[in-house]
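Shown next, in structure tokens, is the structure this report addresses.
The values are calculated or read from the model by the stated rules, or taken from the named source; none is laboratory data. This structure is a prediction, so every number in the text was calculated from the model and none was measured. When we count neighbours, we look across all protein chains shown, and the Cβ atoms used for this are built from the backbone with ideal geometry, even at glycine.
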Amino acid sequence: MDITKLTALELGRQIRAGGVSVREAVEAHLAVIREKENDYHCYITVRKEEALSRADAVQEGILSGQYTSPLAGVPVAVKDNICTKAVRTTCASKILGDFVPPYDAAVVERLTAAGMVMLGKTNMDEFAMGSTTETSYFGVTKNPWDITRVPGGSSGGSAAAVAAGEAGIALGSDTGGSIRQPSAFCGVTGIKPTYGTVSRYGLIAYASSLDGIGPVGKDVADCAALLSLISGGDRRDSTSVPQDRFDYMGALKGDVRGMRIGIPKGYFQAGLDAQVADAVLAAAKVLKEKGALLSEFDLDAVDYAVPAYYVIASAEASSNLSRYDGVKYGFCAPDHKDLQEMYKRTRTEGFGDEVKRRMMIGAFVLSSGYYDAYYNKALKVRALIRQSFDRAFENCDLILGPTAPTTAMKLGESLSDPLKMYLGDIYTVAVNLAGLPAISLPCGCDDQGLPIGLQLIGKPFGERDILRAAYCYEQETGGAFCGRC
Ligand code: GLN
């Protein structure tokens with residue numbers, strides 16, 4: 001049996017049944033890391049020794065009844081913008097290159113309390129800005145399906161680690177698609193939960209009104225299990241919904257009879273790769289055959305989602321990233337002659353090009369002469385987008401479409417043309433602007449053998465609907481994840 005090919009829930013079951021020890025589970029994944037990491041570079045930091053000693057402690061905890069979670073003992077990878085106590089957390093930036101947080105993010109506390117074993121911190125686009133994991137200060141991550149291609153981004157390290165068997169399951173973050181798009185590119189499943197479902201305490205902020213943490217797993221059930229574990233209220237994040245943990249496992253019933261699924265016509269126009277369109281529409285047909293009711297509709301205002309997103313996200317980023325000045329923590333440029341020069345050199349040397357571009361756009365759209373023309377206008381567009389989703393959900397329970405317009409691009413292709421990269425976020429960013437939940441799961445491959453992602457978007461707190469439909473599709477098709485890479 002290859003432990004690294006098991007789903008996280010199956011591995012958890014075997015561990016609880018005594019068939020696999022936690023140490024064996026961790027060692028199996030570390031062996032893949034040893035073998036593949038030079039090619040793939042999924043991680044910024046691997047915690048080999050710590051993971052092994054934690055494995056033994058968790059084993060005891062499972063035997064003594066301390067850990068009863070279905071994911072107890074499962075090796076997990078955590079995106080490097082999520083704070084981990086005493087473990088370097090870089091955001092893939094030089095400016096936080098030696099930052100060691102003094103506390104754990106809320107989600108990390110929950111993984112620990114459930115007896116999961118953290119293997120390390122995954123690579124990402126710098127400060128989660130990007131769609132390819134190429135803007136990382138620590139070098140690019142390669143797509144395990146084809147190492148000449150990007151894994152997507154910004155959670156490319158997490159998605160590639162799960163696809164390659166370098167982690168049993170992972171956490172990512174999604175501000176405008178960063179869980180869903182790399183999941184699509186790497187042939188794995190990822191969920192961006194409703195805004196407020198998972199605490200952002202300890203998530204290093206990019207754009208606070210859009211940011212969210214979610215699971216990346218081998219299949220729908222794995223994601224549902226990890227989401228159940230990390231969701232729930234937290235008074236340290238004022239935007240988290242004050243509720244007990246949500247239980248998503250009950251939604252996995254395999255039945256979509258009578259479920260109303262809306263397909264936005266505009267999603268299938270110019271710009272969408274024909275093979276992606278075919279695979280996504282074929283997936284819709286599978287759900288129809290299982291009893292779902294399909295209908296087409298116009299999702300207006302969404303045409304303006306990409307510009308509105310980049311205005312709002314950059315504005316929030318320019319404010320959030322002003323804290324990195326060389327004084328409080330992180331990198332500080334040496335040999336400065338006065339305070340001004342220290343600020344300037346620290347930020348000039350500490351941030352990469354894409355992050356600087358966003359901060360400049362953000363400062364511009366917030367400046368007094370342009371605030372109304374750009375930032376305020378974008379907020380109005382955001383309200384309209386929310387309304388068009390609200391209207392759509394009067395007639396349907398969920399919305400089906402592609403996750404990304406293409407499959408994984410060649411490395412280097414999009415770095416020279418940032419605008420093109422931004423346009424690739426067309427199907428994901430509106431979901432964040434409206435705060436909705438969405439899942440991406442594999443629905444086939446193109447003629448290059450590259451995975452295609454199907455996206456299902458739910459009503460606010462409609463995670464159960466999208467999980468039910470996703471699970472039904474996966475059961476029906478036998479799960480497109482085949483671990484081929
Ligand atoms: N690609 C988008 C961006 O660059 C989304 C990133 C994200 O979700 N963190 O902003």
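Flag: Thr148 does not match the condition of being among the β-branched types (Val, Ile, Thr), within 30 Å of Gln59 (Cβ to Cβ) and away from the ligand (no atom under 15 Å from the Cβ). Here Gly165 fits the description: on the phi > 0 side of the Ramachandran plot, more than 16 Å from the ligand (Cβ to nearest atom) and more than 16 Å from the chain's Cα centre (by Cα). Under the condition of being buried (at least 24 other Cβ atoms within 10 Å of the Cβ) and either of a type in the set (Phe, Trp, Tyr) or farther than 18 Å from Leu415 by Cα (or both), the residues counted in the range 143-175 number 18. When only residues in the range 102-117 that are outside any helix (DSSP H, G or I) and surrounded by fewer than 24 Cβ atoms within 10 Å (Cβ to Cβ) count, which is farthest from the ligand (Cβ to nearest atom)? Residue satisfying both the conditions and the ranking: Gly115. Among the residues of the range 257-285, the ones that are more than 22 Å from Thr428 (Cβ to Cβ) and either touching a Phe, Trp or Tyr at 6+ places or on another chain (Cβ under 8 Å) or of a type in the set (Ser, Thr, Tyr) (or both) come to 0 in all. Against the condition within 15 Å of the ligand (Cβ to nearest atom), in contact with a His (Cβ under 8 Å, 6 or more places away or on another chain) and at pLDDT 95 or above, how does Thr141 come out, does it pass? So Thr141 fits the description; yes. Here Lys290 meets each of (1) away from the ligand (no atom under 16 Å from the Cβ); (2) surrounded by fewer than 18 Cβ atoms within 10 Å (Cβ to Cβ); (3) closer than 17 Å to Tyr427 by Cβ with one exception, condition (3).
For the range 281-300, does any single residue satisfy the condition of being in contact with an Asp or Glu (Cβ under 7 Å, 6 or more places away or on another chain), of a type outside the set (D, E, K, R) and outside any loop (DSSP other than H, G, I, E, B)? Looking for residues that are in contact with an Asp or Glu (Cβ under 7 Å, 6 or more places away or on another chain), of a type outside the set (D, E, K, R) and outside any loop (DSSP other than H, G, I, E, B), one finds at least one in the range 281-300, hence yes. Residues considered: Arg260, Arg245. Of these, the only one that is in contact with a Cys (Cβ under 7 Å, 6 or more places away or on another chain) and among the charged types (D, E, K, R) is Arg260.
Of the residues examined, Gly217 is not one that is at pLDDT 95 or above and within 16 Å of the ligand (Cβ to nearest atom).
Taking the criterion of being in a strand (DSSP E or B), of a type in the set (A, V, I, L, M, F, W, C) and within 12 Å of the ligand (Cβ to nearest atom), the only residue of the range 174-206 that qualifies is Leu203. Of the residues making up the range 148-169, those that are over 25 Å from Val26 (Cβ atoms) and either assigned to a helix (DSSP H, G or I) or of a type in the set (Val, Ile, Thr) (or both) are Thr148, Val150. Scanning the range 21-47 for residues that are surrounded by 19 or more Cβ atoms within 10 Å (Cβ to Cβ) and either without any contact (Cβ under 8 Å) to a residue 24 or more places away in the chain or at positive phi (or both) gives a single hit, His41.
Note on the range 61-101: among residues that are assigned to a loop (DSSP other than H, G, I, E, B) and among the charged types (D, E, K, R), the one that is farthest from Ser154 (Cα to Cα) is Lys85. Search the range 411-421 for residues being buried (at least 18 other Cβ atoms within 10 Å of the Cβ) and under 17 Å from Leu272 (Cα atoms), and hand back the single one that is farthest from the ligand (Cβ to nearest atom). Here the answer is Ser414.
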